[in-house]
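Asker: Structure incoming, see below.
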Amino acid sequence: MIDKIRTTLHQTIESPRGDGVAAVRLPKLFARRLNRFLGSPLCSAEDLDKRRAAVAKLAGMKGAAQQKIALTAAPVVVYFEKDRNQRMKDRIEELLQSRGIAFRSLDVAGDEATIAFVTREAKCEEDDLPIVYVAGTPVGGYNELVDWDVSGKLKTSVFGA
């Protein structure tokens, strides 16, 4: 019902009928300008269809964007101790960067509690640092990280299925 009123009023103010008389032309001119100023609430049926299609498309895009946000990467942490095994740390970081995986490097030098946690969970020694964790799951050192990468387990663990 409202759509019919909107389209009829639009036809009335946009039609050239009565434009020869100043008493009709000036109110129609004012109504056209006011309509445009307010964002064209009075419009043709085709414009209404286009607007509704755009709103539906936008709602679909919004849902897709929310799905994309839900599929964020799992946190990846590289635990290392100052300059110990710096070459392995560099190789680990290079591999993660080449795969487009965001990670956080955490220096555990002097933090005995964290070193104890990392070595206990990863079942390794202090000399084996740096160690990589994906979403709280210990991967291990560089060789284990390469194994995970080759098998596809790294990508699945970080980005999901």
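Asker: Taking the condition on the phi > 0 side of the Ramachandran plot, outside the structural domain of ASP149 (by TED's automatic domain parsing) and either surrounded by 11 or more Cβ atoms within 10 Å (Cβ to Cβ) or among the β-branched types (Val, Ile, Thr) (or both), does SER44 pass?
Answerer: Judged against the criteria, SER44 is not a match.
Asker: For the stretch 113-149, which positions are surrounded by fewer than 11 Cβ atoms within 10 Å (Cβ to Cβ) and under 15 Å from ARG91 (Cα atoms)?
Answerer: ASN143
The values are calculated or read from the model by the stated rules, or taken from the named source; none is laboratory data. On a predicted model such as this, the values are computed, not experimentally measured, just so you know. Here Cβ is always computed from backbone atoms with ideal geometry, including for glycine, and neighbour counts include all displayed protein chains.
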